[in-house]
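Just so it is clear, none of the values below were taken in a lab; they were calculated from the coordinates. This one's a predicted model, so the numbers in the text were calculated from it and none came from an experiment. As a convention, Cβ positions derive from the backbone with ideal geometry for all residues, glycine included, and neighbour counts pool all protein chains shown.
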Amino acid sequence: MAEKRIVLDVLKGETVFPPPIWMMRQAGRYLPEYRATRTEAGSFLDLCYNPDLAVEVTLQPIRRFDFDASILFSDILVVPHALGRDLRFEEGRGPLMTPIAAGEIAALEEVDPASFHAHLEPVYETVRRLRVELPGKTTLLGFCGAPWTVATYMIAGHGTPDQAPARLFGFSDPDNMARLLDVLAERSAEYLIRQIEAGADAVQIFDSWAGVLDEAAFEAYCVRPVRKMVERIRARFPETPVIGFPRGAGSLYDDYRARTGVTALGLDWSVPLSQAKRLQRDGAVQGLLDPLRLQAGGRALDEGVEAILHALADGPLVFNLGHGVTPQTPVESVERMVRLVKEAHR
Ligand code: CP3
């Protein structure tokens, strides 16, 4: 690796100023070129499983904004799909699956690893090609969903505002919930290991629905399965940073890093900057900007960026949004955010 990859350095604990920047969902519908490729692909899943087109949409935001990290284009739900669960995406409705019944969980354990990875081979091929096509300085991130967040979609069959079906399933049938989370943790770790083998420099585990759980459920559904994943990945790749993103975890963020072993912490915008500053003592933090400040632009954006830089730029910070960029975000706002961060001075 001749060139420095500054996101990778920061994830490992270095302070770099100005901080590196990338954006969750940076390949997405706010970009006209994404919408064009998405139309060419036909369906969203066809885009995920077509390396030519997946590479193209992954590179689009890098060409436009020269972000310091590139995240593989795929979706968290390809893992249950590779385990034989049906999956489709409907315009305006998001993902749709047949809700899993308790009696179907054992079958997931029986899925042949060879067929699981064969299903996901287009994703690995996308990663391999990206590592060749990306600039040497750009950190390549792989990702997957955390077991709890993936389980919420498998159980409800669709997105819900509070994940009531999955919470109820867990409280009514704890043994099957534990079993489901276990199989997802094992397979998801293997999936990330293959992405690292294919060329990912670091990986992010998205626990987008961590914020709907009480303390005990958070421990059982979020912390424990992610710790298992981290242990498994570390055994194979001790040096590869793992970013944990338990969105909405609030005060439960405080010892998430210590208890799961993740290298870096993704933070949503509800985390106070003073708490983020404390969390930064133990390693890198990433995120924090409310995506609607970016969508709104103007003063809301300038003040949001300034507050984060002021509080956190003298420690290991990867500048990012607190969740994905919205489809309504003007491209000019993104250009402005990148400029504000890259031209920051102390
Ligand atoms: O960040 C990136 O650019 C990489 C690509 C990426 C996508 N999904 C592409 C996508 C990543 C990292 C994800 C993760 C993902 N997928 C999560 C965790 C992060 C989060 O946002 O909370 C979740 C919960 C999913 C499941 C999922 N996929 C939902 C709920 C939806 C529908 C919501 C929506 O925005 O429409 C998707 C679809 C999806 N995944 C899109 C993209 C670009 C939009 C679909 C389209 O282009 O038609």
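Report the gain in length on full extension from Glu14 to Asp173: 0.36 nm times residue separation, minus Cα-Cα distance, nm rounded to one decimal.
52.8 nm
Between their Cα atoms, which of Lys4/Lys277; Lys228/Lys277; Lys12/Lys342; Lys137/Lys277 are more than 22 Å away from each other?
Lys4/Lys277; Lys228/Lys277; Lys137/Lys277
Send over the Kirkwood Rh of the chain, from the inverse of the averaged 1/r over different Cα pairs, rounded to one decimal Å.
20.2 Å
Report, in whole Å, the centroid distance computed from the Cα atoms of the range 255-313 and the range 30-51.
Each part reduced to its Cα centre gives a spacing of 30 Å.
Can you list, largest first and rounded to whole Å, the semi-axes you get for the range 39-80 by taking the square root of 5 times each eigenvalue of its Cα gyration tensor?
20, 13, 7
What number does the range 124-276 give for Rg over Rh if you use C-alpha atoms and the Kirkwood radius?
Using only Cα positions, Rg/Rh for the range 124-276 is 0.98.
Can you pull the one-decimal nm distance between simple spin-label points at Asp314 and Ala36, each 7 Å off the Cα toward Cβ?
With each label placed 7 Å out from Cα toward Cβ, I get 4.6 nm.
Roughly speaking, what is the stretch gain from Val132 to Glu219, that is 0.36 nm per residue apart minus the C-alpha to C-alpha distance, in nm to one decimal?
Working it through step by step, the gained length comes to 27.4 nm.
Do any GluC sites (Glu not before Pro) in the range 44-119 lie in a DSSP loop with no more than 15 other beta carbon atoms within 10 Å, and if so, which?
Glu91
For Phe206, enumerate residues with amide H under 5 Å from its amide H, sequence gap 5+ or separate chain, H modeled in the peptide plane.
Cys144, Gly145, Ala146
Of all beta bridges DSSP finds with both residues in the chain, what is the antiparallel percent, to the nearest 5?
10 percent
As an exercise, use a Förster radius of 51 Å and the Cβ-Cβ distance of Arg339 and Glu231 to find the FRET efficiency, rounded to the nearest 0.05.
0.80
Chymotrypsin sites (Phe, Trp or Tyr not before Pro) within the range 29-136: which are DSSP loop residues with at most 13 other Cβ atoms inside 10 Å?
For chymotrypsin sites (Phe, Trp or Tyr not before Pro) across the range 29-136 that sit outside H, G, I, E and B with at most 13 neighbouring Cβ atoms in 10 Å, the list is empty.
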